Amino acid sequence: MKPIDMIGLVTTTNPGFARAWADSCREGQVEEDNWIAALRAQGVKAAHPDDGWVDREKNEVHPAYPQFSDGVAAGDIVALGWPNYHRLVRVVGVGAPMMRGGVWFFEPIEVPASPDQSGEWPEWIRKLFKK
């Protein structure tokens, strides 16, 4: 789900919280859009969260909900992660789309994935949970 699509998920009688939620979602969408544009400019063909759909032992990802996909084939570079932290992998094979988009088999590549290797959540998410 894209950050902008999460605006309607909040139900509250607190208009200040609703406004802050919507603003955070819009900021997150801008951050994701800029990240995707930068990846595409580098020749990356797709991005997917580095989550439960990624098997790190078998080096495969089931592209259940990619942040973007411009058509992936063997030899293509894919980003796994989020705007604030991701890693790049090379696709070595693509499996049949039997389940939610099939499977991409990959190998890690030794390319710096992100200038920010902190692994922290993006600022727009952290702002929602400030005490």
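Quick one: Karplus J couplings for the range 29-45, per residue in order, coefficients 6.51, -1.76, 1.60, θ = phi - 60°, nearest Hz, x for Gly and Pro?
5, 4, 4, 5, 4, 5, 4, 4, 4, 5, 4, 4, 5, 8, x, 6, 8
Suppose R0 equals 25 Å. What FRET efficiency, 1/(1 + (r/R0)^6) with r the Cβ-Cβ distance, do ILE109 and ASN34 give to the nearest 0.05?
The pair ILE109/ASN34 has a calculated efficiency of 0.65.
Taking θ as phi - 60°, what are the ³J(HN,Hα) couplings along the range 8-18 by the Karplus curve (6.51, -1.76, 1.60), each to the nearest whole Hz, with x for Gly and Pro?
x, 7, 8, 10, 7, 9, 9, x, x, 5, 4
Tell me the label-point distance for the pair ALA41, ALA22, using the 7 Å Cα-to-Cβ offset, in nm and rounded to one decimal.
With each label point 7 Å from Cα toward Cβ, the separation is 3.1 nm.
At 7 Å along Cα-to-Cβ for each site, give me the label-to-label distance between THR13 and ALA64 in nm.
3.6 nm
For the range 44-110, just say rounded, prolate or oblate: build the C-alpha gyration tensor, square-root its eigenvalues into a ≥ b ≥ c, call rounded for a/c under 1.5, and beyond that prolate if a/b exceeds b/c, oblate if not.
Rounded shape, in that the Cα axes give a/c under 1.5.
Only the coordinates and a few stated rules stand behind these numbers; no lab work does. Note that the structure is a prediction, hence the values are computed from the model and not measured. Glycine gets a Cβ as well: all are built from the backbone with ideal geometry, and neighbour counts include every protein chain shown.
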